[in-house]
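See below for the structure under consideration.
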Amino acid sequence: MKKGKHKKDPRFKIAEREAWIGIGLVLFNFIWWFGFAYGMGSGPADEYTYIMGLPAWFFWSCVAGFIVMVILVTAAVKFLFKEVPFEEGGESE
Amino acid sequence: MNWQVIAPLLIFLIIIFLVGLWSSRKIDTGSSFLQDYFLGGRQLGGFILAMTMIATYGSASSFIGGPGVAYTQGLGWVLLAMSQVVTGYFVLMVLGKKFAITARKYNAVTLIDFLKERYNSKWVVWLSSLSIIIFLFSAMAAQWVGGARLIESLTGLSYLSALFIFAASVMVYVVIGGFRAVAVTDAVQGGIMFIGTLILLIAVIVAGGGIPNIISDLSSENPNLITPFGFDGGLTPLYVSSFWILVGVGVVGLPQVAVRAMSYKNARAMHRAIIIGTIVVGFIMLGMHLIGVFARPILPGIEVGDKVMPMIAMEVLPPWLAGIVLAAPMAAIMSTVDSLLLLVSSAIVKDVYINYIKPDAEEGTIKKMSFAVTALLGILVCIMALSPPDLLIWLNLFSFGGLEAAFIWPVVLGLYWAKGNRYGAVSSMITGTASYILFHTFYPNAFGMNTVVLPIALSLAAYVSVSLFTEKSISAAADI
């Protein structure tokens, strides 16, 4: 097997962690989007409440959801993502 | 049509043309021609990377088709379109650093180079080259037709001359400038897409008398328009959610997007691109689809969805500003077409010609080949676009979902799952594409989900099961 021959590149560990963060963000994004849209929007339209003129389900799901994702993505990149060199041997030397 | 609208469009075309020419001057200085021509020498910064990913992904459907459907369906379709925010961060995060590092290790210039090194299999290379050439060529022709139709409808020129103008303004910079010219013009085009969306959104809200007013107009016309379920209640949560696969996470599998994930300079560029990309793609998708919905009370009774965006721009904006805003869909189409043209050319030159026909080709020959193949492809697409053959239109139906189903697992699992092997990759590609075509033809939107969902699940099953099943024979072979 490959793993036995040479030790795993430590940069790949970082990369894998970041890929999982990406998947986590998508799951959160989906739950937020789905929860507000169908949680608040499933009732009859004449009982809707409105925020900034938009139906509340739409405001929370699509407008606020977008803003929340921008904040989360920015925070994830700033605080969790690590800078690694891409060129070969950039670290070991 | 009046000149006040045409003038900004013409100026836009000239600017793109000049920017393309300007950025192509750098091409001779790079160390390796191929890497420079097809990948911009892996030197993209964060802003350009974000813009070229968005602009390549955002096509005629984001600016013309999508708002047209939103006009009919109401807010439910904007909800659906918002699944695309994901593309802004997911592709770069998932392919991420591993793809960038591995691509450099393999010295890969194309997505197929990566697959070739990873799976070490002729079959993978042939299958993937073939599907890229066939599907993306037809996708390109379809966008080409869309671009020419748009110019035709805006300027009143004949289809033939519109096609010629469109082709000439794209081809010259792609042929001589390669990837860098494509990426830099994409950045300008992405900027125009963003500004165009912003201007038109504000103008539509003002023309409709403010958001509360527009929403109450919509709701008194048909209350379904402001629910998540579409004008006739036909948009089920399952159906809308399934678009997260097609236009959200599945985009990882699109070769024209994935190749960009190996083109950036360093980790910092990637980090910036994730943030910028999420903001820009989210804003454009939210804005353009809202424009479609908000246009309804202002201009009721538009029958052809594709006309909503041009008509509302002309209605609510002074002509010169409408010209600037209508440059946005032009930009979206151009920025998709230029990337596809270069990608198909790279599949022919790098993946087929250099890999299997003439591995010892000299730098000079490669250079001439690259220019010639790109130019010939452009001309060929143009001829096809004059009267698109039925086969081409048929193939284009599969270009998006079919490519996703073919590539997503060989790329993603190829990166992260050491046990994935060539047999898994080949069977996953065949299963994905074939089942997509079959489902599309015989059982579209199976079980109430978008057609792409099942083929992607099937190709995952094929990849994993075949890889595990053939594991022993592979490791035995590797030991020898």
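Every read-out reported here was derived from the displayed coordinates using simple, explicitly stated rules and does not represent laboratory data. Fair warning: this is a prediction, and the values are worked out from it, not measured in the lab. In this analysis, Cβ positions are derived from the backbone assuming ideal geometry, glycine residues included, and neighbour counts consider all displayed protein chains.
Things worth noting here:
- In chain A, the longest principal axis of the Cα atoms and the axis of helix A:65-75 are about 20 degrees apart.
- When each of B:LYS367/B:LYS419; B:LYS97/B:LYS307; B:LYS97/B:LYS350; B:LYS368/B:LYS419 is checked by Cα-Cα distance, pairs over 31 Å: B:LYS367/B:LYS419; B:LYS97/B:LYS307; B:LYS368/B:LYS419
- Rounded to the nearest 10 degrees, the angle from helix B:137-155 to the longest Cα principal axis of chain B is 20 degrees.
- Solvent-free Debye scattering, log10 I(q)/I(0), computed from the Cα coordinates of chain B at q = 0.14 Å⁻¹: -1.42
- Zone residues, segment B:102-142, relative to B:THR365, backbone N less than 12 Å from point 7 Å out along Cα-to-Cβ: none
- Here the Kirkwood formula, the inverse mean of 1/r across different C-alpha pairs, assigns segment A:11-80 a hydrodynamic radius of 13.5 Å.
- Positive minus negative residues near A:LYS78 (Lys, Arg vs Asp, Glu; Cβ under 12 Å): +2
- Relative counts (whole %) of C-alpha pair distances in the protein assembly as shown, using bins that are 20 Å wide: 21, 56, 21, 1
- You can think of it this way: the chain between B:SER220 and B:THR441 has 75.7 nm of extra reach, that is 0.36 nm per residue less the Cα-Cα gap.
- Once the Cα-Cα distance is subtracted from the 0.36 nm per residue extended length, the B:ILE298 to B:TYR356 segment shows a gain of 15.0 nm.
- Cut-off 13 Å (backbone N to label point 7 Å along Cα→Cβ of B:TYR239), residues of segment A:49-70: none
- The Cβ shell under 10 Å around B:TYR106 holds other residues with a net charge of +2, Lys and Arg each +1, Asp and Glu each -1.
- Protection proxy ranking, highest mean first, for peptides B:258-265, B:430-437, B:370-377: B:258-265, B:430-437, B:370-377, where packing is the per-residue count of other beta-carbon atoms within 10 Å, averaged.
- 0 to 90° range, to nearest 10: angle between helix B:85-106 axis and chain B longest Cα axis: 20 degrees
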